[in-house]
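J.: Structure below; questions to follow.
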């Protein structure tokens, strides 16, 4: 079953990693097993589509692991684990997943918690740094989120990551070299240290134009407002004066 329904939002921003002339950057801390991060991604895309300067917005994804101690694949019942984590009954956990699934559907996404295979996301984050360097970060982020939240892919397994990265347009030899070594490990940890410095305890977390922070998967109206305010701060009007620029001052005009 496809994750993205017909008519789903498409990102308007250019690939992360390219230079944006006179543009603005949106930094997002996120994990690839976070359902709210996928909803937040869609809401940001909708906001950028409505923003007058949307073509000048660059999105950069930063690493945030929700569970650093997770094994490559966590076995067991997803609902039972959710219930234990938040001290809920199984019925309450099922209801919570249903509400989240309905919210995702409003963003043209189809979540499948019944087939989800949680696991460690450290290697996925390392590949997102490779994808950033190759101008394919948004494509890989989209593929990883869809794979985990909608397709039941074991996101912590190297062979699965190889296939998903190829789907996103990355060179298999480069992906294999990253997964076989420790490349980009320092970059992942640097992102997480930056998150700690910023006081980020949950994701998604947006920093717009280096000026405005937005916590959580806010509605697109909130994100549009943040984009507009950050743009005004980073792109002030520049006065251009001529020799005879006549004007009115208060209630009088000198001729």
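J.: Limited to the stretch 140-153, what total is found for residues that are in contact with a helix residue (DSSP H, G or I) (Cβ under 7 Å, 6 or more places away or on another chain) and under 20 Å from residue 64 (Cβ atoms)? Outline the logic, then answer.
T.: First, pick out the residues of the stretch 140-153 that are in contact with a helix residue (DSSP H, G or I) (Cβ under 7 Å, 6 or more places away or on another chain): 140-141, 143-145, 147, 149, 152-153.
From the residues that got through so far, the ones that are under 20 Å from residue 64 (Cβ atoms) too are 140-141, 143-145, 147, 149, 153.
Going through the stretch 140-153 one residue at a time, the tally reaches 8.
J.: OK, next. Being touching a residue at least 24 places away in the same chain (Cβ under 8 Å), touching a helix residue (DSSP H, G or I) at 6+ places or on another chain (Cβ under 8 Å) and more than 30 Å from residue 236 (Cα to Cα) is true for just one of 133, 167. Which residue is that? First the steps, then the outcome.
T.: Details: 133 fails: touching a helix residue (DSSP H, G or I) at 6+ places or on another chain (Cβ under 8 Å).
Answer to the selection: 167.
J.: Which one of 232, 197, 221, 191 is buried (at least 17 other Cβ atoms within 10 Å of the Cβ) and either farther than 26 Å from residue 143 by Cβ or in contact (Cβ under 8 Å) with a residue 24 or more places away in the chain (or both)?
T.: Details: 232 fails: buried (at least 17 other Cβ atoms within 10 Å of the Cβ); 197 fails: buried (at least 17 other Cβ atoms within 10 Å of the Cβ); 221 fails: buried (at least 17 other Cβ atoms within 10 Å of the Cβ).
The unique qualifying residue is 191.
J.: Quick one: residue 187 ticks every box in (1) out of contact with any strand residue (DSSP E or B) (no Cβ under 7 Å at 6 or more places or on another chain); (2) under 17 Å from residue 29 (Cα atoms); (3) not in a helix (DSSP H, G or I) bar one, so which box is it?
T.: The failed condition is (3).
J.: Would you call residue 102 out of contact with any helix residue (DSSP H, G or I) (no Cβ under 7 Å at 6 or more places or on another chain), at pLDDT below 95 and on the phi < 0 side of the Ramachandran plot?
T.: Answer is no for this residue.
J.: Please work out which residue is surrounded by the fewest Cβ atoms within 10 Å (Cβ to Cβ), limiting yourself to the stretch 70-80 and to residues that are in a helix (DSSP H, G or I) and touching a residue at least 24 places away in the same chain (Cβ under 8 Å). Break it down stepwise before answering.
T.: From the stretch 70-80, those in a helix (DSSP H, G or I) are 78-80; that's our starting set.
Checking which are touching a residue at least 24 places away in the same chain (Cβ under 8 Å) leaves us with 78-79.
On the way: 78: 16, 79: 19.
That would be 78.
Rundown of residues vs (1) modelled with pLDDT of 95 or more; (2) over 22 Å from residue 133 (Cβ atoms); (3) in contact with a strand residue (DSSP E or B) (Cβ under 9 Å, 6 or more places away or on another chain), yes/no style:
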position: 16; (1), (2), (3): no, no, yes
position: 19; (1), (2), (3): no, no, yes
position: 27; (1), (2), (3): yes, no, yes
position: 48; (1), (2), (3): yes, yes, yes
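The values are calculated or read from the model by the stated rules, or taken from the named source; none is laboratory data. Keep in mind the model is a prediction, meaning the values are calculated, not measured. Positions of Cβ are backbone-derived with ideal geometry, glycine not excepted, and every protein chain shown enters the neighbour counts.
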